[in-house]
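So the structure is just underneath, and the comments pick up after that.
The values are calculated or read from the model by the stated rules, or taken from the named source; none is laboratory data. Because the structure is a prediction, the values reported are computed rather than measured. Positions of Cβ are generated from backbone atoms using ideal geometry, with glycine treated the same way; all protein chains shown enter the neighbour counts.
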Amino acid sequence: MKLLLAEDTFDLSRAVAALLRHDGYEVDQAYDGVEASAFLEKGSYDGIILDIMMPRKDGLAVLRDLREAGITTPVLMLTAKAEINDRVTGLEMGADDYLTKPFAMKEFLARIHSMTRRRAEYSNKDLRFGNISLNADSFELRAENSIRLSVKEFELMQSLMMSAGKPQSTQYLFERVWHDDTETNENVVWVYISYLRNKLRSVNANVVIDGERGGSFTLIEG
Amino acid sequence: MNEAQSIYGGNLPAMDWVLNRVLSDIEVIRNDLTLQFGNDPVEHIRTRIKSDESMHDKCRRRGLDETVDSALSVIRDAIGVRVVCQFLNDVFAIADFFSSRPGIEVVECKDYIRRAKPNGYRSYHMILRVRYEGGAPSDYDSYFVEVQLRTISQDTWASLEHTLKYKKDIADAELICAELKRCADELESTDISMQTLRDLIISL
């Protein structure tokens, strides 16, 4: 996962970047607003950390240009305690969160995790397990044959694949996949598990969904 | 058509007999499955004896002499039966049924349902060799019959794909082909969901 860090204080930038890299992120560092905008034009990021007070072009201007260009990448603003108006303006201009300096690294990291988590859940990479792959763009389930899943089938399959080998309860799956649906009940999980079992068979998958009606389900090789 | 001119020679009455033999076998399994599940597994059946013209074309395309022997003992789809079923499992039930019929040998099966063709085509193809036990004179004691089994959705898809295949110069042909493949995969998904629901209903 790739982040842009725009922070003009060299020491702080270095410390934050080291922390993020240690945590597994890829980090590009910009030291003023012009440089930040240049990075944003060239590449895409999963999250942006934007200092408000920067030379040449301030963080709010970078943010405004970004949102005007239609880029919805999540932004965490870094502000000084006194900059209340900037914080409000920033949030109204489309920043997702802010943190006032000085901040605890632990809190900073927690906010980055929370900001990038949602994005990770919807990232468009293929999930793979055994001989099957699941494409998040097309909802195509593929092994030796291919088939298209419906939205709910896809979300259920995605959940099973992201925790392959680990059991997930009917209640958990119901809340994860049908959280926005007030018209149905937990029995729907069994129907969709049944669909997926037959669809896995139809693509000659070497993985199966283990489990019984109302219980926990686990995707296993077998 | 005058018999002397037909590529099938004097075998047409025997071929008709063989075709009817296969159809009456399908009636047997059709009745069995209707009793078992309460509804007729077969939506419709189409039959054809390949026309003289098509058979001559096919011989030429395959570099064969245009003879009775090429038409009936080298080429194996002179007699064709297409059975269109409601549910996927009906397709496999009818296919299984043919493996245990007296006088019928299953020569070859191609399962394009479990392994769809790259364009998305799905169907279950069988070549049967059916013993001829009719009274009319014939050159052979058995005849090949090609049986194609598929669901209504698979049949609908195939007929659209067939239409497009013979339409020249389609704009965005690549996009249309990719979309057709997507439709095939979506229809298959729905077929499987319907089969699953049917199984759930029956198990209640």
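Assorted remarks:
- Candidates A:LEU160, A:LEU156 - the one that is within 23 Å of B:THR190 (Cβ to Cβ) and within 14 Å of chain B (Cβ to nearest Cβ): A:LEU156
- Candidate set from region B:1-48 (those that are loosely packed, with under 15 Cβ neighbours inside 10 Å and assigned to a loop (DSSP other than H, G, I, E, B)); member that is farthest from the chain's Cα centre (by Cα): B:ASN2
- Screening B:VAL84 with (1) more than 27 Å from B:LYS181 (Cβ to Cβ); (2) crowded, with 19+ Cβ neighbours inside 10 Å gives one miss only, at (1).
- Residue within region B:49-57 that is in contact (Cβ under 8 Å) with a residue 12 or more places away in the chain, over 28 Å from B:PRO137 (Cβ atoms) and either touching a strand residue (DSSP E or B) at 6+ places or on another chain (Cβ under 9 Å) or crowded, with 16+ Cβ neighbours inside 10 Å (or both) present: no
- Residues located in region A:57-76, provided they are part of a helix (DSSP H, G or I) and modelled with pLDDT under 80: none
- Those strands (runs of 3 or more DSSP E) of region B:81-200 in which at least 1 residues are more than 12 Å from chain A (Cβ to nearest Cβ) and either farther than 26 Å from B:VAL22 by Cα or among the small types (Gly, Ala, Ser) (or both), considering only elements entirely within it, cover B:142-151.
- Of all the residues in region A:163-205, those that are over 18 Å from B:MET194 (Cβ atoms) and either of a type in the set (A, V, I, L, M) or within 14 Å of chain B (Cβ to nearest Cβ) (or both) number 7.
- In the set A:GLY47, A:GLY24, only one residue is in contact (Cβ under 8 Å) with a residue 12 or more places away in the chain, exposed (fewer than 12 other Cβ atoms within 10 Å of the Cβ) and within 22 Å of the chain's Cα centre (by Cα); that residue is A:GLY24.
- Of A:VAL189, A:VAL208, all but one fail to be surrounded by 15 or more Cβ atoms within 10 Å (Cβ to Cβ), of a type outside the set (S, T, N, Q) and part of a helix (DSSP H, G or I); the exception is A:VAL189.
- The residues listed here are A:ASN198, A:ASN145, A:ASN135, A:ASN185; of these, the one that is out of contact with any Phe, Trp or Tyr (no Cβ under 6 Å at 6 or more places or on another chain), in contact (Cβ under 8 Å) with a residue 40 or more places away in the chain and not basic (Lys, Arg) is A:ASN145.
- Condition check for B:ASP90: among the charged types (D, E, K, R) and either crowded, with 17+ Cβ neighbours inside 10 Å or under 27 Å from B:SER193 (Cα atoms) (or both): yes
- Just one of the listed residues (A:THR184, A:THR218) is more than 19 Å from B:LEU187 (Cβ to Cβ) and assigned to a loop (DSSP other than H, G, I, E, B), and it is A:THR184.
- Only one entry in A:THR79, A:THR89 is surrounded by fewer than 17 Cβ atoms within 10 Å (Cβ to Cβ), more than 14 Å from every other protein chain (Cβ to nearest Cβ) and either part of a helix (DSSP H, G or I) or hydroxyl-bearing (Ser, Thr, Tyr) (or both), namely A:THR89.
- Test: residue in region B:123-132 that is more than 28 Å from B:SER6 (Cβ to Cβ), of a type outside the set (Phe, Trp, Tyr), buried (at least 19 other Cβ atoms within 10 Å of the Cβ) and under 18 Å from the mean Cα position of the chain (by Cα): yes
- Here B:SER193 meets the list (1) closer than 30 Å to B:ALA71 by Cβ; (2) surrounded by 13 or more Cβ atoms within 10 Å (Cβ to Cβ); (3) in contact with a Phe, Trp or Tyr (Cβ under 7 Å, 6 or more places away or on another chain); (4) not hydrophobic (A, V, I, L, M, F, W, C) almost entirely, failing just condition (1).
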